[in-house]
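Colleague: Once you've had a glance at the structure underneath, I'll fire off some questions.
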Amino acid sequence: MIHESVIFGKNVTFGENIIIEDNVIIGDNVTIGNNVTIKANTKIGNGVQINDLTILGKGTSTNKKMARKPSNSADPLVVEDGVIIGCNCVIYRTVLLEKGVFVGDLSSIRENVTVGMDSIIGRNVMVENKTNIGKRVTIQTGCYITADMIIEDEVFFGPCCSTSNDKYMGMGNFEHQGPIVKKGAKIGNNATLLPAIVIGENSIVGAGTVVTKDVPSNKTVVGNPGRVIK
Amino acid sequence: MIHESVIFGKNVTFGENIIIEDNVIIGDNVTIGNNVTIKANTKIGNGVQINDLTILGKGTSTNKKMARKPSNSADPLVVEDGVIIGCNCVIYRTVLLEKGVFVGDLSSIRENVTVGMDSIIGRNVMVENKTNIGKRVTIQTGCYITADMIIEDEVFFGPCCSTSNDKYMGMGNFEHQGPIVKKGAKIGNNATLLPAIVIGENSIVGAGTVVTKDVPSNKTVVGNPGRVIK
Amino acid sequence: MIHESVIFGKNVTFGENIIIEDNVIIGDNVTIGNNVTIKANTKIGNGVQINDLTILGKGTSTNKKMARKPSNSADPLVVEDGVIIGCNCVIYRTVLLEKGVFVGDLSSIRENVTVGMDSIIGRNVMVENKTNIGKRVTIQTGCYITADMIIEDEVFFGPCCSTSNDKYMGMGNFEHQGPIVKKGAKIGNNATLLPAIVIGENSIVGAGTVVTKDVPSNKTVVGNPGRVIK
């Protein structure tokens, strides 16, 4: 069912069993796969590809144990020109995907996240809320990007990296801060980044490293705990 | 298609393209998203929210290489009052989700699992069969909860934790035992727990730790292999 | 919608909201779940089970930042007799699933991959392109199998293992090589394998190990970095 208030550009291609809710705006030359749901107020630019079984513009949900309630912003999901979104993705409201972004299959991006121009969010990547991802960033398959992170331009995350933002692991309602990854840093596969650590510009974190403290710029860290090598 | 034998409470909201098989019972004030499939005999309490593209009550399947055949129990999936289930989830038969449980998007829970009251199963968490999860437990995004685990009340798993239950890694049909995590223990992100280890009450496992032996109560372990620190 | 050019065997069972594109061939005794999409030219053998919300035969997609363009082969996905595919899977074109293979829920397999007879691809496993997986291999839940890997017969991967194929982490267009895992090797859960390393026949990699160099046959490695133990 496509709501009568939906506005379409030219040359839009539709799959089957599509649901598009009210006040959605869709640009020219957009392709929408089978079984796609686009929630109310979502804005889709020109040339966007949305693959099968994907949900765009999901609202917030919580249970009573969650101490930290996400803002219930009504801001829509905005998908800029040329974005490609895979199959089986779940992208929330209050997200901005800038021009040319690629989102792989089976990924999910929560509220209040910006993904910068031409960046890659690999398959099965989970991004939490309130995180900012720069331009030309690569986040490979299976990474977990926690809430309250800052990822600057041209950062590279290898596959399966893990991040966290809560030193106290759920004990009380302390302020959370995810890692801050500076421009051009490269993080090897399955690395572990602790809350609030800073990875300096152009630094390299080896595969499997557990980063427990800040890494200066232009350094390489390896091991558990991570230590700077020459 | 909704089977004629399905019993509904009051004020149930339906998405599109829903399939509900025979003998399903659905309570009052339930919301069912688009493209949801509810398999035969599933029981859904009051106030439950089921988001788009989710499958409830899936049966068992195996191939001939799997030495260990899951029981082919016909017991249904039971979803108690106030449970919230995300998008693109796959929840099997013979599972009990107690009152107020939250299950995030892209998660899956296999047979013979109980999730206790108000617990949180994060996005993209995979839970294997025959595991018992207590009340008010938090399992954050991307964790892997193996079969034959015991997770007591108020345990906290940070994101991307990994567990295993088979010391012999597939060599023969030995008995399996997953980790046992005692009340109030906290496990940091991307930690690795080996088969059959016990994490004591209120102990803390640092992020990225590889836990190869039992951890006494009220201790902290870090490193690879994990060692107790003061 | 089922395209009129589709060829069916005997005794095929259909769910609802199924889309089957042109020139698909389907064998006898095949079961197709709800909301399944089968893309053009896919070939499905006898006795295959395809569960709900799965996509078979997806084409390639990229954005402009991806240096390395996958081949745009028009070869179809071929699913041999007796294969079982879970719910919410995304399997690409130019993949061969040999007889008796099992693919768990929420998994994805990219182009130019062969999975050998009776092998198990667990739930939420991501396989990249140009990787060859032997016969009777077990890849447990949540593993990440990078591109350009060779996995020989009877290899065992525990849950959540991570692999990589790019020493230079995205810096330029160097040749990529994934790990090579020889016959009968066993990899513990959440292990990290670096690009191009060779794991010898029947060797064992402990849980949480970071393997930074080749492992001879019949050895055991543990730690970060991985070291051979007696």
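Colleague: Round to the nearest 0.05 the FRET efficiency obtained for C:Asp214 and B:Asn132 when R0 = 35 Å and r is the Cβ-Cβ distance.
Modeller: E between C:Asp214 and B:Asn132, to the nearest 0.05, is 0.25.
Colleague: Using a 7 Å offset from the Cα along the Cα-to-Cβ direction at both B:Thr60 and A:Thr60, what is the distance between the two label points in nm, to one decimal?
Modeller: 4.2
Colleague: Counting other beta carbons within 10 Å of each Cβ, put A:Asp22, B:Asp105 in order, fewest first.
Modeller: A:Asp22, B:Asp105
Colleague: How big is the dipole moment of chain C about its Cα centre under a simple scheme where the beta carbon of each Lys and Arg is +1, that of each Asp and Glu is -1, and everything else is neutral? Debye, nearest 20, please.
Modeller: Charge dipole of chain C: 920 debye, to the nearest 20.
Colleague: Mind checking C:97-104 for the average number of partner chain beta-carbons within 10 Å of each residue's beta-carbon?
Modeller: For peptide C:97-104, the averaged partner shielding equals 2.
Colleague: Per residue of A:199-211, count partner chain C-beta atoms within 10 Å of its C-beta, then hand back the mean as an integer.
Modeller: Mean partner-chain Cβ count within 10 Å for A:199-211: 5.
Colleague: Looking at the protein assembly as shown, I'd like the Rg to Rh ratio, where Rg is from alpha-carbon atoms and Rh is Kirkwood's inverse mean 1/r.
Modeller: 0.94
Colleague: How much of the pair distance distribution for region C:81-230 lies past 27 Å, counting alpha-carbon pairs only, in percent?
Modeller: The proportion of pairs with Cα distances above 27 Å equals 17 percent.
Colleague: Is there a simple number for the mean count of other chain Cβ atoms within 10 Å of the Cβ of residues in B:163-171, and what is it?
Modeller: So the per-residue partner count for this stretch is 6.
Colleague: Rounded to the nearest 20 debye, what is the charge dipole size of the protein assembly as shown about its Cα centre when +1 sits on each Lys and Arg Cβ and -1 on each Asp and Glu Cβ?
Modeller: My answer is approximately 2560 debye.
Colleague: How large is the dipole of region C:170-230 about the Cα centre if only Lys and Arg carry +1 and Asp and Glu carry -1, each at its Cβ, rounded to the nearest 20 debye?
Modeller: 280
Colleague: Suppose you put the label 7 Å out from Cα in the Cβ direction; list, shortest first and in nm with one decimal, how far C:Glu4 is from each other copy's label.
Modeller: The answer, with the shortest distance listed first, is 3.4, 3.4 nm.
Colleague: A further question follows. Packing-wise, with mean Cβ within 10 Å as the measure, how do C:157-169, C:131-143 rank, highest first?
Modeller: In decreasing order of mean packing, C:157-169, C:131-143 become C:157-169, C:131-143.
Colleague: Nm distances between the label at A:Asp81 and the same-position labels in the remaining copies, 7 Å along Cα→Cβ, shortest first?
Modeller: Once sorted, the set of distances for A:Asp81 reads 5.4, 5.4 nm.
Computed from the coordinates by the stated procedures, all read-outs in this text should not be read as laboratory data. All figures in this text were calculated on a predicted structure; none of them were measured in a lab. A quick note on method: Cβ atoms are made from the backbone with ideal geometry, for glycine too, and the neighbour counts reach across all protein chains shown.
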